Structures are given as C-alpha cells and as structure tokens.
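The values are calculated or read from the model by the stated rules, or taken from the named source; none is laboratory data. Predicted model only: the values in this text are computed from it and were never measured. Here Cβ is always computed from backbone atoms with ideal geometry, including for glycine, and neighbour counts include all displayed protein chains. We work out accessible area using only protein heavy atoms, side chains counted, and drop any ligands, DNA or RNA first. Shrake-Rupley method; radii C 1.70, N 1.55, O 1.52, S 1.80 Å.
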Amino acid sequence: MEKYIVNGGNPLYGDVEISGMKNAALPILIASILTREKCTIENLPKISDVKKTLDILTAMGAVVNDLGNGAVEIDSANVRGGISPYSLVSKMRGSTYLIGAELACFGHAKVGWPGGCDFGQRPIDQHIKGFEALGASVEIDTDEGFIYADADNGLHGNSVYFDVVSVGATINVMIAAVLAKGKTVIDNAAREPHIVDLANFFNTCGAKITGAGTSVIKIQGVEKLHGCTYAIIPDMIEAGTYMAAVAAAGGKINVKGIIPKHMESVSAKLEEMGMTVTEYDDSITIAKTKELKKIHIKTLPYPGFPTDMHPQLTAVLVCARGESKVSEGVWENRFRYVDELLKMGADIRVEGSSARIIGVGSLEGATVKAVDLRGGAAMIIAALAAKGETVITDIMSIERGYDDIVGKLTKLGASIRIEND
Ligand code: EPU
C-alpha cells in the first residue's frame, strides 16, 4: 500500500499548472459514445477515475487510443450496452452516466450500482424521475446491485422538474435527452461549469442545447451526433486546493491555466480570511501576508461555495485565529475526515451538518487516513502546515482526482514523497 510522507513547514512558491476537470471529463468521455464515431478528448487529467472510465468504455467495445499529452481518441462505433464491468462501475459515481448513455444509444441500460465517496446516502431518484419523464421504465435489483432501464418505444422529450439541485441528475438527463424525439426542458437544473462543458461538447457534436449554466436547460433532440475534438475545462477544485495549500503553508503561488470566474466563491472566502488574491485572464496569484482570521462557510450548489472545497478549507481554518464555522449544505455527512484532523491536534466539533473549528494556531504531524478524495486533500493541506512528519495512508482516494499532486507540490517547494509499506 502506498502512502504519502509529508514534512510540514515549507512555504510554497512558484507556478502550478491546473489539469482538466475530473467532474467534466467523466461525463464527456461517457457522452462521447452517443456519437458512435471518433471523438478526440483533450486536456484530460491523469487520474485513476479517468483511467477507470476509459477501461469501462474499452470493455464495452470502444477503441481508445492514447494520443499523449492528456488527449485520447475514442472510437465508439462498436460499443455495446449492458456489459460494463461491475468491478469498475461500482468504484466511482461518474459511472451512473452510463444509464443515460446506454438508454440514448440502445433504448435500454444495465449498469452496476455506482460507488464513489461515502457522504451518507447518495440516492439517484432524480435521475430516475428524469428518465421516466422521457419514457423509460427503471428498476433497481438491490440483491444483484444492478440498475435496469428500458425505453421500448424510444425516448421522447418532456418537461423535467428536479426536486433537488443535482449535478449528476442534470448531466444524466441531458445525456438521455440529446437524441430523444422532441424537446426536453430541465427545470431547477444544476449550474456548475461542468454542466456547461458537457453542453458545449454535445453542441460541438451537433446537439441543440441552450440554457446550460442557468437553472433551465432546453434540449431539442437531434437524430444523430457526429464525432469532434474537444478540450475539457480546467479543474476549479484542483485550483482551489492549491490556493488552500498556500493559505495553510504560507508563501505565494501563481495558479495557472484556469478560468478565474469559476473561482469566485473560493477566492472571496480566502480573501475574507486575509489572503491576498489577484486575478488575471487565465491565472490567479495568491499570497499569505498576514495571520488568517476566522470565517463562516456554507456550501451550496454553484455559484455557491463548492462542497468539494469544504474539507480543504476546514484544514486551513484549523490554523486561523478564532472560531470558524463550516456548514455543509449539499451532503448528508461530509465530516468523516474530521477525526483524522483531530489526530493532528485540531479542535473541531461537529454538530449535525455544521462544524465549529476552534483555531489552534499549529498542528502536529501524525499518521492519518485519506477517508475520501477531498478529505484526503485536506490531510495534505494540514500536513503542509504541521510541525514534523505526517504519514497519509489510503492515498488511492486522493489519486482518483488529483493529477500528479506530489510532483506539483514538490515543484512549489513542499516536502512530500510517496513510499510503499
Ligand atoms: N440527490 C438526491 N437525488 C438524486 C441525486 C442527488 O437527493 O437523484 C441529492 C444528493 O444526495 C445530494 C445533492 O442532491 O444531497 C447533490 O448531489 P449531486 O447529484 O449534485 O451530486 P453527484 O452528482 O452525485 C457530483 C460530484 C461530487 C460533488 C457533487 C456536488 C461527480 C462525479 N461527482 O456528485 O464530486 O460533490 O456533484 O457538487 O461529478 C468530488 O469530486 O470529490 C465529488 C464528490
């Protein structure tokens, strides 16, 4: 088992290049099979979730060619449905998009129950509501762990109103609707940048989608899509994670190759804490010039503060002066990482969906676990600020979503290395 060894205390300086966004790459790779032609997808992050997705598509009959430099060509002419390997599908949440994709391509779907980070319940009732509105029937075999969907008479556009704002349901219903007959209107849609990226990808392939990025998305079904070349947008959560790392460890870095507009809520909260943030066309410079102040954060769907940045900011607030509060507004239970921070000397009290964080000034190195992807990133951030050595185990959770985090942090001056047990 691999682990990270981090020696805290080094401030970070220099440039960090941000990779393509995981949560845009996964749906776009899966959506590419709707074209049944060759698509070239560029700016893919080198992370294990992308590798798993490509392995799933290969097992379904796609021919995947690695073009190097983060680009792959996917030929989906011979893809078949119902055969995605359970062992891979059940390890990630993005695999739910196979339901929409198989329904769109073949009129029926059989997909294993998806995995991903454990935040309490992760229902898919809104995905199902959308598929049913388009004319599919859906059954879940809880014994075998499979989801079956059938649209014997094809998919037909319809109005879909989501009861909760869901990134996954919005994406899945978009995927199902692009080739459906007639018009679909999704109301109370998620507005995340990756929703816009998926719409832009589909429109490049000949789809007719308007309104992505607002809460009403309109999709006029088309008969066929064609292959295209498309580059994934930069990962705002990866960028935010490096910004948080400087807030914890000190220093000044340039976060490059990003869309600063996507960073607004994260930049605003870091500035409120006392960080100096300067925005350029496609980069942000962030510097720590003074002691950090307490703040309150509430996570919300975009453009609110992203839930996927909550653990990293908690790790920063542990080192700030005063008592901060982080309230989780998206997930039932995203505080499992807190026990690990306590091992490093943090003072955090979880009360329902909020955590009170009493600044302790500094942390001590310890052996901690990456309980999930962003919780793992929080461990690295805390370790960069801590006195002494921190050992982080279960790092495969982190490698699901961060491209070369050890290399990028080392280049910024951090002391972090991978070791085998
Ligand atoms: N929800 C329902 N019913 C549904 C779907 C969702 O009640 O049918 C609820 C969830 O329980 C949750 C809320 O709606 O309370 C939002 O869930 P959403 O569907 O938006 O989340 P997701 O699509 O499963 C994606 C990201 C997560 C990120 C969330 C929120 C991917 C693969 N995952 O999950 O990313 O936290 O959106 O932004 O895109 C991560 O990258 O670390 C990560 C966990």
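Residues in segment 286-326 that are part of a strand (DSSP E or B) and either within 12 Å of the ligand (Cβ to nearest atom) or open to solvent by less than 20 Å² (accessible area, probe 1.4 Å) (or both): Ile286, Ala287, Ile297, Thr299, Phe305, Ser324, Val326. Which one is nearest to the ligand (Cβ to nearest atom) among residues in segment 1-50 that are of a type in the set (S, T, N, Q) and part of a helix (DSSP H, G or I)? Ranking the candidates gives Asn23 first.
Yes/no matrix, rows are residues, columns are (1) over 22 Å from Gly116 (Cα atoms); (2) of a type in the set (A, V, I, L, M, F, W, C):
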| residue | (1), (2) |
| --- | --- |
| Val338 | no, yes |
| Lys369 | no, no |
| Gly375 | no, no |
| Ala378 | no, yes |
| Ala382 | yes, yes |
| Glu389 | yes, no |
| Gly401 | no, no |
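Out of Ile171, Ile195, Ile219, one residue alone is away from the ligand (no atom under 12 Å from the Cβ), modelled with pLDDT of 95 or more and open to solvent by less than 30 Å² (accessible area, probe 1.4 Å). It is Ile219.
For segment 113-122, the condition of being within 16 Å of the ligand (Cβ to nearest atom) and outside any loop (DSSP other than H, G, I, E, B) holds for none of the residues.
Of the residues making up segment 56-94, those that are within 16 Å of the ligand (Cβ to nearest atom), without any contact (Cβ under 8 Å) to a residue 60 or more places away in the chain and of a type in the set (Gly, Ala, Ser) number 2.
When Ile83 is tested against the conditions (1) farther than 30 Å from Thr410 by Cα; (2) buried (at least 16 other Cβ atoms within 10 Å of the Cβ), the lone failure is (2).
Listed by position, the helices (runs of 4 or more DSSP H) enclosed by segment 179-274 that each have at least 1 residues that are closer than 20 Å to Gly70 by Cα are 193-204, 236-249.
Mind listing whichever residues of segment 28-48 are over 21 Å from Ala199 (Cα atoms) and not aliphatic (A, V, I, L, M)? If the condition is that a residue be over 21 Å from Ala199 (Cα atoms) and not aliphatic (A, V, I, L, M), then Lys46, Ser48 are the ones that fit.
Is it the case that segment 337-355 has a residue that's of a type in the set (Phe, Trp, Tyr), closer than 21 Å to Gly240 by Cα, at pLDDT 95 or above and open to solvent by 10 Å² or more (accessible area, probe 1.4 Å)? Spell out the reasoning first.
Keep residues of segment 337-355 that are of a type in the set (Phe, Trp, Tyr), which gives 337.
Retained after the next criterion (residues that are closer than 21 Å to Gly240 by Cα): 337.
Okay, now just the ones that are also at pLDDT 95 or above, so 337.
With open to solvent by 10 Å² or more (accessible area, probe 1.4 Å) added as a condition, the list becomes none.
Checked segment 337-355: no residue is of a type in the set (Phe, Trp, Tyr), closer than 21 Å to Gly240 by Cα, at pLDDT 95 or above and open to solvent by 10 Å² or more (accessible area, probe 1.4 Å).
Which ones in segment 27-46 are within 16 Å of Asp235 (Cα to Cα) and surrounded by fewer than 24 Cβ atoms within 10 Å (Cβ to Cβ)? Even if it seems obvious, please write down each step before you answer.
Of the residues in segment 27-46, the ones within 16 Å of Asp235 (Cα to Cα) are 27-29, 41-46.
Result: Glu42, Asn43, Pro45, Lys46.
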